[in-house]
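Sharing a structure here in structure tokens format.
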Amino acid sequence: MAKLKIGICGWGNVATGLYEQLVSENEANANFEICCIGARRDNPICDPGSTKILRDIFAVVEEDIDVLVELIGGVETAKELITRALNSGKHVVTANKAVIFEHGEELIELAFKNKVQLLFESAVCAGTPAIKILSNDLIANKIFKVAGMLNGTTNFILSKMEEGASYESVLQEAQRKGYAEPDPSLDVNGTDAAHKIGILAALAFNSGLPSPNFYIEGIENIQTQDFTYANDFNMTVKHLAVAQLNENGVELRSHPVMLRKDSSLAGLKGVRNGIQFDTNLLGEFHIAGSGAGKESTASGLISDLFALSRYSKSPPMLYPDFSSKPPLQNFDDLIFKYYVYLEVKDEPGVLALISKIFADHTIGFDKVIQKDQLENNNVPVVIFTDPIVESEMQIALKALDSHQEVLNSKIIRIEDL
Ligand code: HSE
């Protein structure tokens, strides 16, 4: 069988990681030939040997290749590169979730038109299989809900914070290890996980890619003390992205949550990602594995390349029906239980004030604890609430914040998995 001729575009952490795996001793590599690399500059961490180097990444499209592997990142230039490759009759493999989330429909339609494939296994969970499992192996299932820890960097940071490390030092470590995006704010502010859940939602619910107007919150305000208070109730803090389909449309969100420690995803530490699918035939189905880093991403990319090398008549994956556009549910209408952290003045009547505000908004307490005085003489009050609609909780928080006795407030939503 002829080898699949590959052109790699980009020469950063992920691209050099792919190259290293493609030239390593591995049976699958007999199927591939690396023809050229589009690299604007050399990378001291990897010697490409005698492989042809093109300084103009767009020149890779003109080479005698079967597939272009887009690893330049970003959105608009990547879109242009993928467009040109597809229009030139080349398959495209990409790890770029931002470009798939923002332009996936148009690019996949272009791939159809040109009778080539656009594959993106490593755009979600890096090498941990999720995309082709969802599009192929779960085909007989109706999927109701997808809940995923989809960002390796944030799980790495939260796991280390749980052990007492500081947010800043762990973020730098995640960057050194090659887990974070070139702009790490996309990891920590929840956007990267939002792109991934948007892609999974389209595949799971056989619908178009959602608009980005859903609730997205990052981990920037999570503090070590939140783990301590969560631990008192056998819970931990994670970042979760959720897609759920019901009669009112699609619920989509990406934000920190508190999870019971014995829940399916809570035990996943470090750079691991995990997804729970709620399905009709398999019930709860889980996947978990490394979600970032060059080795993991190379694993996902090579799975796509291998699928292409075997591709003759049947396509490697089934794409969703983009014409179906279920409405996005309003986040303010969703119902959660909440962890509420308040830093308040240590004065008589403050607990009564808090109780009154919660009662005024029909928010029930599940548990309330007043902790020891802080160094600044204020006291932390930690409340776990009964279920309440998001909009009502936001109004109650505003009411609390309007009192000078309340110095700080924060909520984390509690997820029952
Ligand atoms: N920066 C991403 C993460 C890489 O940390 O999950 C994999 O998509």
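What do you get when you divide the Cα radius of gyration of region 1-50 by 2.2 N^0.38 Å, with N the number of residues?
Rg over 2.2 N^0.38 Å, computed on Cα atoms: 1.13.
Show me, for region 334-343, the HN-Hα J-couplings you get by feeding each phi into the Karplus relation (A = 6.51, B = -1.76, C = 1.60, θ = phi - 60°), rounded to Hz, glycine and proline as x.
My calculation for region 334-343 gives 6, 10, 9, 8, 10, 9, 10, 10, 10, 9 Hz in order.
Here's a follow-up. Plugging the Kirkwood radius over Cα pairs into Stokes-Einstein for region 252-325, at a temperature of 37 °C and a viscosity of 0.692 mPa s, what D comes out in µm²/s? Can you show the working numbers first?
On the way: Rh = 15.8 Å.
It comes out at roughly 208 µm²/s.
Calculate, in whole percent, how much of the Cα-Cα pair population of region 39-178 lies beyond 19 Å. Mind dumping the intermediate values first?
Details: 6163 of 9730 pairs.
Above the 19 Å cut-off, region 39-178 has 63 percent of its Cα pairs.
In bins 10 Å wide, starting from 0, what share of all Cα pairs of region 63-103 does each bin hold, as a percent?
Binned Cα distances yield the sequence 33, 58, 10.
How big is the equivalent ellipsoid of region 334-414 along its three axes, where each semi-axis is √(5λ) from the Cα gyration tensor, reported in whole Å from largest to smallest?
Numbers: eigenvalues 85, 32, 23 Å².
Each semi-axis is √(5λ); the values are 21, 13, 11 Å.
Could I ask something else about it? Where in the chain are the DSSP H helices whose alpha-carbon span along the long axis reaches 20 Å or more and whose Kyte-Doolittle mean is at least 0.0?
Details: long enough: 97-113 (22 Å, 0.27); 191-205 (21 Å, 1.11); 294-309 (22 Å, 0.44).
Qualifying helices, which must be both long enough and hydrophobic enough, are 97-113, 191-205, 294-309.
Here is a follow-up. In square nanometres and to one decimal, what's the mean projected area of the convex hull around the Cα atoms of region 323-367? Mind dumping the intermediate values first?
Working: hull surface 19.7 nm².
Spelled out: convex hull of the Cα atoms, projected over all directions, averaged, 4.9 nm².
Moving to a separate point now. For region 126-182, which chymotrypsin sites (Phe, Trp or Tyr not before Pro) pass both filters: DSSP loop (anything but H, G, I, E, B) and at most 15 other C-beta atoms within 10 Å? Mind showing how you got there, number by number?
Numbers: sites: Phe144, Phe156, Tyr167, Tyr179; in loops: Tyr179.
Here no loop site has a sparse enough neighbourhood.
Would you mind checking the pairs Lys261/Lys345; Lys90/Lys132; Lys79/Lys113; Lys132/Lys196; Lys97/Lys145 and listing those with alpha carbons more than 22 angstrom apart? Can you show the working numbers first?
Numbers: Lys261/Lys345 32 Å; Lys90/Lys132 20 Å; Lys79/Lys113 16 Å; Lys132/Lys196 14 Å; Lys97/Lys145 20 Å.
From Lys261/Lys345; Lys90/Lys132; Lys79/Lys113; Lys132/Lys196; Lys97/Lys145, over 22 Å: Lys261/Lys345.
Of all the C-alpha pairs in region 251-377, what % are more than 23 Å from each other?
On the way: 5199 of 8001 pairs.
Looking at region 251-377, the distances longer than 23 Å represent 65 percent of pairs.
Mind checking the log10 I(q)/I(0) for region 131-290 at q = 0.14 Å⁻¹? Debye, one equal scatterer per Cα, no solvent, two decimals.
Scattering profile of region 131-290, log10 relative to I(0): -0.69.
Direction-averaged shadow area of the convex hull around the Cα atoms of region 376-417, nm²?
Numbers: hull surface 14.9 nm².
If I average the Cα hull's projected area over directions, I get 3.7 nm².
Oh, and also: If you average 1/r across every pair of different Cα atoms in the chain and take the reciprocal, what Kirkwood value do you get, in Å?
Working: mean 1/r = 0.0438 Å⁻¹.
It works out to 22.8 Å.
Percent of Cα-Cα pairs per 10 Å bin, from 0 to the last occupied bin, for region 342-386, please list those.
Calculated P(r), rounded to whole percents: 27, 54, 18, 1.
Grab every C-alpha pair in region 4-119, bin the distances at 5 angstrom width from 0 up to the longest one, and report whole percents.
Result, from short to long distances: 2, 12, 24, 25, 19, 12, 4, 1 percent.
May I pose another question? Within the set of other residues whose C-beta is less than 13 Å from the C-beta of Cys46, count the net charge using Lys and Arg as +1 and Asp and Glu as -1.
Local net charge: -1.
Quantify how much of the Cα-Cα distance distribution of region 39-96 extends past 19 Å, in percent.
On the way: 489 of 1653 pairs.
The answer is 30 percent, as a whole percent.
A further question follows. If packing is taken as the average number of other Cβ atoms within 10 Å across a peptide's residues, how do 205-214, 90-99 rank, most packed first?
Values: 205-214: 17.3, 90-99: 25.5.
Order by mean packing, descending: 90-99, 205-214.
Only the coordinates and a few stated rules stand behind these numbers; no lab work does. Source: prediction; values computed, not measured. As a convention, Cβ positions derive from the backbone with ideal geometry for all residues, glycine included, and neighbour counts pool all protein chains shown.
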